[in-house]
Amino acid sequence: MNNEDESFEYVLMTAARNEEAFIGRTIESVISQSILPKCWVIVSDNSTDRTDEIIETYIPKNEFIILIKKNGDKQRNFGSQVRAINIAYQYILENNIKYNFIGNLDADVSFEPNYFELIYNKFKEDPELGLAGGTIFEKQREIFVPRRYNSTASVAHAVHLFRKKCFDSINGYTPLRYGGSDTHAEFMARMNGWKVKSFPEIQVNHYKPTNSAERKLKGAFRQGKMDYSLGCHPVYQVARSISRIRTRPFFLYSLVRIAGFLSCYLLFERRTVTMDFIRYIREYEVKHFMANIRDMIVNPTYQKNGYFFKKIREKLVSIRASLFNIVDSDMDKTIDEISDELDKESNLTNLQ
């Protein structure tokens, strides 16, 4: 690790709009940390409830909390949220606050008093880790359970914590029309050689379920547009939407998400991300897609239908490169080589 990373000096940024029901829990979690932040800038984004009042009650005894009241853009949207975060970032820069880690924290989460210390330990263990966070739990029937679709390869935007060098390398968060600035930041971090990881053993309680601020189908349509704006490949988009067919409302959610994607795709809507970013995200999609197929094939449950899945495997492998205009070291393998790898994994699974 570099000398600048030997100590843990971190700053936090929060965009809050009408969070009176939850922000108290978040503040209590932060001020109880075993290692306190050097600065926590909370930007109240046109809040009309008691959000500002609640924050102000904590400031006298916690001088590291800075409240900035943002006025003007009263429409709730993802661009406004990122602009609020960028206001917090500008405050940190203009006041020459020294730090080596910087985080985005949503105003509707809570965690244990040693949360940030645990995340810091993960950074110490891996100098290549650029973005890290805990795992999101949501409330179901009075208990918190892991959120569906959690992935250790991704960090929920609610608890992004960056190494400073990583955050600087991606130039912070980029406002995107349909949202997805957190996803964009994750892939930019990977493009710049950093690892991105969340840790299942470090729990974060999330009080406002994802998309509760907008109706499910409206949210699904917007997410489809977001997927397009980030450069997702149409085939992967269909596969991902189908994989979420159990999301309520069943089946309809997946269809509407695909419709949102197609509404931009068929109109050739211009993307704001770079071509290098699009190529990179599609490379990632290919690897992720094939890894899922490989897991399915070596799963003992599917071995009982070996012939059927062998045919599926052969077909998927044969279209692997043709569906995606991607060239990387993995793509240079022949169909036979990939099939041999899968056979070896399958045999190993059977032996176990």
Inset, instruction - Name the single residue, out of those in the stretch 245-270 being of a type in the set (D, E, K, R) and surrounded by fewer than 17 Cβ atoms within 10 Å (Cβ to Cβ), that is farthest from Arg190 (Cα to Cα). - result: Arg248
Inset, instruction - Residues being among the polar types (S, T, N, Q) and either in a loop (DSSP other than H, G, I, E, B) or surrounded by 14 or more Cβ atoms within 10 Å (Cβ to Cβ) (or both): count how many of those fall in the stretch 271-296. - result: 2
Legend entry - Enumerated strands (runs of 3 or more DSSP E) restricted to the stretch 112-178, each holding at least 3 residues that are of a type outside the set (Gly, Ala, Ser) and under 29 Å from Ile87 (Cβ atoms): 129-140, 161-163
Inset, instruction - Inspect the stretch 70-87 for any residue being assigned by the TED database to the domain that holds His157, touching a residue at least 24 places away in the same chain (Cβ under 8 Å) and of a type in the set (Asp, Glu) and give the result as yes or no. - result: yes
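Residues of the stretch 182-240 being assigned to a helix (DSSP H, G or I), over 14 Å from the mean Cα position of the chain (by Cα) and under 16 Å from Ala153 (Cβ atoms), which ones?
The first filter runs over the stretch 182-240 and keeps only residues assigned to a helix (DSSP H, G or I), leaving 182-191, 216-230, 234-240.
Still in the running and over 14 Å from the mean Cα position of the chain (by Cα): 191, 216-222, 224-225, 228-229, 234-240.
If the condition is that a residue be assigned to a helix (DSSP H, G or I), over 14 Å from the mean Cα position of the chain (by Cα) and under 16 Å from Ala153 (Cβ atoms), then Met191, Tyr236, Arg240 are the ones that fit.
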Inset, instruction - Quick one: in the stretch 60-85, of everything that is assigned to a strand (DSSP E or B) and among the charged types (D, E, K, R), which residue is modelled with the lowest pLDDT? - result: Lys70
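Can you pull out the residues in the stretch 200-226 that are in contact with a Ser or Thr (Cβ under 7 Å, 6 or more places away or on another chain) and surrounded by fewer than 16 Cβ atoms within 10 Å (Cβ to Cβ)? Before the answer, list the steps.
First, pick out the residues of the stretch 200-226 that are in contact with a Ser or Thr (Cβ under 7 Å, 6 or more places away or on another chain): 200, 202-205, 225.
The one that is in contact with a Ser or Thr (Cβ under 7 Å, 6 or more places away or on another chain) and surrounded by fewer than 16 Cβ atoms within 10 Å (Cβ to Cβ): Pro200.
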Legend entry - Selection status of Asp45, surrounded by 16 or more Cβ atoms within 10 Å (Cβ to Cβ) and either modelled with pLDDT under 95 or not polar (S, T, N, Q) (or both): yes
Inset, instruction - Mind listing whichever residues of the stretch 63-89 are more than 14 Å from Ala16 (Cα to Cα) and surrounded by 13 or more Cβ atoms within 10 Å (Cβ to Cβ)? - result: Phe64, Tyr89
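Would you point out the residue of the stretch 241-260, among those that are in a helix (DSSP H, G or I) and of a type in the set (S, T, N, Q), that is farthest from Gln223 (Cα to Cα)? Before you say what the answer is, go through the steps one by one.
First, pick out the residues of the stretch 241-260 that are in a helix (DSSP H, G or I): 241-243, 252-260.
Going one step further and asking which of them are of a type in the set (S, T, N, Q), we end up with 241, 243, 254.
Details: Ser241: 10, Ser243: 15, Ser254: 10 Å.
The qualifying residue farthest from Gln223 (Cα to Cα) is Ser243.
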Inset, instruction - Identify, by number, the condition in (1) over 23 Å from Phe22 (Cα atoms); (2) surrounded by fewer than 20 Cβ atoms within 10 Å (Cβ to Cβ) that Gly130 doesn't meet. - result: (2)
Inset, instruction - With the condition kept exactly as written, say whether any residue in the stretch 167-185 is under 21 Å from Leu230 (Cα atoms), surrounded by 18 or more Cβ atoms within 10 Å (Cβ to Cβ) and in contact with a Lys or Arg (Cβ under 6 Å, 6 or more places away or on another chain). - result: yes
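Just give me the residues in the stretch 188-199 being among the small types (Gly, Ala, Ser) and surrounded by fewer than 16 Cβ atoms within 10 Å (Cβ to Cβ), in sequence order. Don't jump to the end; show me each part of the working.
Narrowing the stretch 188-199 to residues among the small types (Gly, Ala, Ser): 189, 193, 198.
If the condition is that a residue be among the small types (Gly, Ala, Ser) and surrounded by fewer than 16 Cβ atoms within 10 Å (Cβ to Cβ), then Gly193 is the only one that fits.
Considering Ile35, Ile92, which residue is in the same structural domain as Val159 (by the TED database), crowded, with 18+ Cβ neighbours inside 10 Å and on the phi < 0 side of the Ramachandran plot? Walk me through it before giving the result.
On the way: Ile35 fails: crowded, with 18+ Cβ neighbours inside 10 Å.
Result: Ile92 is the single residue among Ile35, Ile92 that is in the same structural domain as Val159 (by the TED database), crowded, with 18+ Cβ neighbours inside 10 Å and on the phi < 0 side of the Ramachandran plot.
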Legend entry - Breaking point among (1) surrounded by 17 or more Cβ atoms within 10 Å (Cβ to Cβ); (2) closer than 17 Å to Phe167 by Cα, for Ile55: (2)
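The values are calculated or read from the model by the stated rules, or taken from the named source; none is laboratory data. The model shown is predicted, which means the values in this text are computed figures rather than measured ones. So basically every Cβ, Gly included, is an ideal-geometry build from the backbone, and we count neighbours across all protein chains shown.
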